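Enquirer: Mind looking over this structure? Questions follow.
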């Protein structure tokens, strides 16, 4: 049996479903295969930062994700302690409530777990026309100058299908077989710890604060571990470390021992937890040396593995998928040249490094006090890393050589490479935000007296078939984008400023033609 698709995605976790959903939204024929029977059953990778919620807004699922976790607006507490009722060593966050970030974005934080987010993403991907097949694994692939030929097998029936695709997206996890087959090495600290994860049901009473996300990093005399509540009442995550260097393995943690450790962790000696799931996992820090090999791209954990301390691994996976999707779609539609695909690694690999470094600092503070982070740069301020990051690639025409990785998103500069500042707009007589007009088209934002920009954008769209929208900013909005009289900014489909003419050029139409051709590698 043979099948033809434009993009084959291997893996249907957060990164794979992100790529699948955003590709399908852009009209790309995409098939995703996943070796497991369904989406995640573990609550891991909880929490969505505002950038992820922007991406979800553009996919039409932000409200569903927020509604899936009412804890999102009720606070977050992070504690380092000996046990839930024991000695508190550090309150990293005490009843954290959402800050006012309206100066940076119109979106909120989410707190939904991976087990509830993935089904939402899957349903939306299928609504957009994607096909997702579970219990189906990749058994081999080759690539040539024109595409990728892959063989996939259904794990129950054994039926094999040869899939011919223009591109292959490897979203097959931290131990990516595709990455290994490509000979792409990883760099970084490697394995830093091993844990047995547990999902259990129990009534913990007042040991965990109700209605918020309550996360405990435990430094118990007998173990190091984690306890956190979930979106399901009386359901919790527990993880305990084990030491392979001392001959320990997950087999040394049968249900009876795990139940006893949960009793120690919760200070509830009579507790009888109902264990729903167990599985080993590794705390590690690894980044692939390359994110692209010909027509194959790495996303999510296949591209980087980060310690869970900080909660940005899943967010980064969603960002990888979204970034790659709009670029693949542009190339497949003929809007862009192949050079645009090289910007995926150029832009996302520094983000991966920044996230891993910040997570390692957090890991030292919360779980591994002996971890040496002296060679790492100081972590970026969390909100700056989420919303103030900067992309550098040929898809951005930078104005300066500022080496900073981030800026304060509450005081945005509007410079190329950064997210377009969130400012009010009026669209068809209705009040909107710039966040509402980004996400699909290229967008020209011009000052009120830049009357020649919108006709120029319309002419380019008509002649090339590339959607280029145009909106006029009021004086306050123009100032936030750093625009003087007659100036304009060109914003990419991912909401990143690609180019800025701070003042009116002599030929706006010619300038816009030139810029769009350069950033799209046409």
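The values are calculated or read from the model by the stated rules, or taken from the named source; none is laboratory data. Keep in mind the model is a prediction, meaning the values are calculated, not measured. Quick reminder, even Gly has a Cβ in these numbers, built from the backbone with ideal geometry, and neighbours come from all protein chains shown.
Enquirer: Name every residue in the range 141-156 that is in a strand (DSSP E or B) and in contact (Cβ under 8 Å) with a residue 24 or more places away in the chain, in order of residue number. Talk me through it step by step, then tell me what you get.
Expert: In the first step, residues of the range 141-156 are kept if they are in a strand (DSSP E or B); the result is 141-143, 148-154.
141, 143, 148, 150, 152 - these are the residues of the range 141-156 that are in a strand (DSSP E or B) and in contact (Cβ under 8 Å) with a residue 24 or more places away in the chain.
Enquirer: Examine the range 110-129 for a residue that is closer than 21 Å to residue 207 by Cβ, within 19 Å of the chain's Cα centre (by Cα) and at pLDDT below 85, and state whether such a residue exists.
Expert: Looking through the range 110-129, at least one residue is closer than 21 Å to residue 207 by Cβ, within 19 Å of the chain's Cα centre (by Cα) and at pLDDT below 85.
Enquirer: I'm trying to understand the selection: among the residues of the range 315-342, which are closer than 19 Å to residue 289 by Cβ and in contact with a helix residue (DSSP H, G or I) (Cβ under 7 Å, 6 or more places away or on another chain)?
Expert: 316, 317, 320, 323, 324, 341
Enquirer: Looking at residue 184 and the list (1) modelled with pLDDT of 95 or more; (2) within 30 Å of residue 359 (Cα to Cα); (3) touching a helix residue (DSSP H, G or I) at 6+ places or on another chain (Cβ under 7 Å); (4) not in a strand (DSSP E or B), which single condition is not satisfied?
Expert: Exception for residue 184: condition (3).
Enquirer: Any residue that is without any contact (Cβ under 8 Å) to a residue 40 or more places away in the chain, crowded, with 19+ Cβ neighbours inside 10 Å and either under 20 Å from residue 311 (Cα atoms) or not assigned by TED's automatic domain parsing to the domain that holds residue 115 (or both) - is there at least one of those in the range 186-201?
Expert: The answer is no; no qualifying residue exists.
Enquirer: On the basis of being surrounded by fewer than 19 Cβ atoms within 10 Å (Cβ to Cβ), under 30 Å from residue 183 (Cα atoms) and in contact with a strand residue (DSSP E or B) (Cβ under 6 Å, 6 or more places away or on another chain), does residue 255 make the cut?
Expert: Details: surrounded by fewer than 19 Cβ atoms within 10 Å (Cβ to Cβ): yes; under 30 Å from residue 183 (Cα atoms): no; in contact with a strand residue (DSSP E or B) (Cβ under 6 Å, 6 or more places away or on another chain): yes.
For residue 255, the condition - surrounded by fewer than 19 Cβ atoms within 10 Å (Cβ to Cβ), under 30 Å from residue 183 (Cα atoms) and in contact with a strand residue (DSSP E or B) (Cβ under 6 Å, 6 or more places away or on another chain) - is not met.
Enquirer: Another question about this same structure. Of the residues 452, 405, which single one is surrounded by 15 or more Cβ atoms within 10 Å (Cβ to Cβ), touching a helix residue (DSSP H, G or I) at 6+ places or on another chain (Cβ under 7 Å) and either in the same structural domain as residue 500 (by TED's automatic domain parsing) or free of Cβ contacts under 8 Å to residues at least 40 places away in the same chain (or both)? Spell out how you get there, then give the answer.
Expert: Details: 405 fails: either in the same structural domain as residue 500 (by TED's automatic domain parsing) or free of Cβ contacts under 8 Å to residues at least 40 places away in the same chain (or both).
Selected residue: 452, the only one of 452, 405 that is surrounded by 15 or more Cβ atoms within 10 Å (Cβ to Cβ), touching a helix residue (DSSP H, G or I) at 6+ places or on another chain (Cβ under 7 Å) and either in the same structural domain as residue 500 (by TED's automatic domain parsing) or free of Cβ contacts under 8 Å to residues at least 40 places away in the same chain (or both).
Enquirer: With the requirement that a residue be out of contact with any strand residue (DSSP E or B) (no Cβ under 6 Å at 6 or more places or on another chain) and part of a loop (DSSP other than H, G, I, E, B), what does the range 471-486 give you?
Expert: Hits for the range 471-486 are 474, 482, 483, 484, 485, 486.
Enquirer: Here's a follow-up. With the structure loaded, tell me whether residue 497 is closer than 20 Å to residue 50 by Cα, crowded, with 16+ Cβ neighbours inside 10 Å and at pLDDT 95 or above or whether it fails that test. Even if it seems obvious, please write down each step before you answer.
Expert: Details: closer than 20 Å to residue 50 by Cα: yes; crowded, with 16+ Cβ neighbours inside 10 Å: yes; at pLDDT 95 or above: yes.
The answer is yes for residue 497.
For every residue, the table says whether it meets (1) outside any strand (DSSP E or B); (2) not assigned by TED's automatic domain parsing to the domain that holds residue 252.
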| site | (1), (2) |
| --- | --- |
| 268 | yes, no |
| 272 | yes, no |
| 278 | no, no |
| 309 | yes, yes |
| 316 | yes, yes |
| 320 | yes, yes |
| 323 | yes, yes |
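Enquirer: Mind checking which pairs have a first residue in the range 339-358 that is outside any helix (DSSP H, G or I) and a second that is surrounded by fewer than 20 Cβ atoms within 10 Å (Cβ to Cβ), Cβ under 6 Å, 6 or more apart or different chains?
Expert: Short answer, once both residue conditions are applied: none.
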